[in-house]
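Comments concern the structure below.
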Amino acid sequence: MILVSRSDPSKEICRSAAACRVCGGGDLVRFLDLGELPLVNRYLSSPAAARDEPRFPLEIFFCRTCSMSQLGVVVDPRVLYAEYDYHSSVSKTFQAHCDAMAASLGAEFGSANQPFVVEIASNDGCLLTRFKERGCRVLGVEPARNLARLANAAGLPTLNEFWSGEIARRIRAEHGPARLVVATNVLAHVDDLRSFLRAVAGLLEPGGAFVFEVPYMVNFMNRAEFDTAYHEHLSYFLLRPLVRALRESGLALADAQEFEIHGGSIRVTARLSAAPSANVGRLLAWEEELGLHEEATYLRFARHVATLKEELVAFLGAIKGRGKRLAAYGASAKGNVLLNYCGIGRDLVDYVVDDTPAKQGKLYPGVHLPIVSRDRLRSDPPDYLLLLAWNFVDELLRNTSDYRARGGRYVVPIPSLRVL
């Protein structure tokens, strides 16, 4: 399948992914079909823009050969990332995570005088700032024009480029090899995984490391995090296929640690040469124990997701039937998937609150709900708030303490439906 642009029929904007991006095999089985969804970070400026909004199939396939999971389509990254409304620095939870990450990695890799740190897909520089504060030479590589401008204006040197072997060679020639290459929530967005990893290997100095964080498929399955599947997230990683992908790209998996950020992630450390830590062995054994290399496990998961959808829609419909008003908080990508997959729109939800100024005044993709500032909760409070950015639930509760004090209630949809 190939989808083309309406404005330019010669331009391919979406294609099928028929081969596993880790092992190259074609023995893929579809286990989750979330329907045809819009691009979740393409916020709309007007109702007119909504009329031409493209939708793409959102299906996840399991590789019977290497246990990799991936989307069945790839949308042109230039369509996805030329401009980007997600700003890392908006979340205080993520800021704290970046502080801790930079402190930990700085202690481990910062022994050299002003070590050179490169961040791939550095967004607005939330993490790079922390490394710079610790005396590191830093450089970001960020494909979104608006975010690269923000970072450069803040004094964080940032290349407005997609990561590639050519960019890695250019950086090495101009700045020298990197002591540390970091990438948070990036690898899942990459189509040509091997080329991406080989480029990283080519930039590292001897003894250097590539440290990256990705959502962990164990959490995706155990916590029913189906709403973290969207067109930007091409891959859904277990550790076992990661070991293979790294090895075949000239890197060795040295360590893996679990973190709660973004609903449960793993931080992986890879080097040019290394033996795996005990953590790696433990996680590999856990994946085996959970049956995550077996097709039947994924098919059961899909049935569970369908049940969650039915329960949530019925519950929200019952709230509306009692004459109560409902709004949502957190115009996140995952929230967009949840609303579109479940068919939750203006008939149930009045508006969506978000703290990112770039999103306010726009319409949520697909469901076209208006995105407003937190002030709306004071001037026009609903009876219930559906928490779409459930991975930041504690932060959202703090942000809306006034609403809660006035009797407002919260609906948390993932990993199971609950009311606070």
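The values are calculated or read from the model by the stated rules, or taken from the named source; none is laboratory data. The model shown is predicted, which means the values in this text are computed figures rather than measured ones. Cβ: placed from backbone, ideal geometry, glycine included. Neighbour counts: every protein chain shown.
What to note about this one:
- Restricting the stretch 249-275 to residues that are under 12 Å from the mean Cα position of the chain (by Cα) and farther than 22 Å from LEU37 by Cβ, the residue that is surrounded by the fewest Cβ atoms within 10 Å (Cβ to Cβ): GLY264
- Looking across the stretch 218-248 at every residue that is small (Gly, Ala, Ser), outside any helix (DSSP H, G or I) and crowded, with 20+ Cβ neighbours inside 10 Å, the one that is farthest from the chain's Cα centre (by Cα) is identified as SER235.
- Residue in the stretch 17-32 that is among the aromatic types (Phe, Trp, Tyr), surrounded by 19 or more Cβ atoms within 10 Å (Cβ to Cβ) and either within 21 Å of CYS342 (Cα to Cα) or outside the structural domain of GLU161 (by TED's automatic domain parsing) (or both) present: yes
- Where a residue in the stretch 307-322 is over 20 Å from PHE226 (Cβ atoms) and its partner, wherever it lies, is basic (Lys, Arg), with Cβ under 7 Å and at least six apart: none
- Within this structure, LYS309 fails the test of being at pLDDT below 95 and part of a helix (DSSP H, G or I).
- Test: residue in the stretch 267-275 that is over 30 Å from LEU147 (Cα atoms) and part of a strand (DSSP E or B): no
- Filter pass, GLY263 being assigned by TED's automatic domain parsing to the domain that holds GLU232, in contact (Cβ under 8 Å) with a residue 12 or more places away in the chain and closer than 30 Å to ARG404 by Cα: yes
- When the stretch 383-420 is limited to residues that are acidic (Asp, Glu) and over 20 Å from the mean Cα position of the chain (by Cα), the one that is modelled with the highest pLDDT turns out to be ASP383.
- Just one of the listed residues (GLU166, GLU119, GLU174) is acidic (Asp, Glu) and either assigned to a strand (DSSP E or B) or touching a strand residue (DSSP E or B) at 6+ places or on another chain (Cβ under 7 Å) (or both), and it is GLU119.
- Taken over the stretch 127-182, residues that are among the hydrophobic types (A, V, I, L, M, F, W, C) and out of contact with any helix residue (DSSP H, G or I) (no Cβ under 8 Å at 6 or more places or on another chain) amount to 5.
- When each of LEU147, LEU128 is tested for being over 21 Å from VAL243 (Cβ atoms) and in contact with a Leu (Cβ under 7 Å, 6 or more places away or on another chain), the lone residue that passes is LEU128.
- Looking only at residues in the stretch 247-300 that are of a type in the set (Asp, Glu) and modelled with pLDDT under 95, the one that is farthest from PHE392 (Cα to Cα) is GLU258.
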